Amino acid sequence: MFGEPKRQPFIKTAQLSTLIAEGVEINGDVAFTGGMRIDGRVRGDVIGRRVDTKTASLLVLSAKGHIEGAVRCGDAVINGTVVGDLDVEHRLELQSDAKVTGTIRYRQLQMDVGATVQGHLLRVEAQASAGNVVELAADKAPLALERR
């Protein structure tokens, strides 16, 4: 009753189907569909592919997780370390232990206190084009912080 209200997750993580566990190291690119959680280390690109036109890929990087390479996916919850560019088609949540070094492209961003970014933040907008294909293009305007 008097406690703080429960924080609603920005991204629902129920659809995770793949796990790279703590202690596992992968040297090479990883491609996945659906959802993937990384608690281990990946040295290579991590690429999420769409299952269909309505289902975006989801990457969850735990506080123990580490990626050295480019990341491309539909949605992402980052709480670990990413050294490389991060391209997120829809929603990106940077949790308090997130450490990202590289350029981040996103459409919607939630960044918790404690998260760090060394690089550029580029907000992208969906642009309609022929054949129901969505293209993302970086804004030309500088990043502005807005209060809700």
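The values are calculated or read from the model by the stated rules, or taken from the named source; none is laboratory data. Please read all numbers here as calculations on a predicted model, not as lab measurements. Please note: Cβ atoms are built from the backbone with ideal geometry, for glycine as well, and neighbour counts cover all protein chains shown.
Yes/no matrix, rows are residues, columns are (1) modelled with pLDDT under 95; (2) assigned to a loop (DSSP other than H, G, I, E, B):
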| position | (1), (2) |
| --- | --- |
| Leu92 | no, no |
| Gly114 | no, yes |
| Leu136 | yes, no |
| Ala141 | yes, yes |
| Leu145 | yes, yes |
| Arg148 | yes, yes |
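Only one of Thr55, Thr18 is part of a loop (DSSP other than H, G, I, E, B) and either buried (at least 19 other Cβ atoms within 10 Å of the Cβ) or polar (S, T, N, Q) (or both). Can you tell me which?
Only one candidate passes the filter, namely Thr55.
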Q.
For the condition within 19 Å of Thr103 (Cβ to Cβ), touching a strand residue (DSSP E or B) at 6+ places or on another chain (Cβ under 6 Å) and not small (Gly, Ala, Ser), what is the one hit in Val60, Val71?
A. Val71
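Listed here are the residues, each with its yes/no results for (1) farther than 20 Å from Met111 by Cβ; (2) aromatic (Phe, Trp, Tyr).
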site	(1), (2)
Val24	yes, no
Phe32	yes, yes
Val42	yes, no
Ala63	no, no
Asn79	no, no
Asp87	no, no
His90	no, no
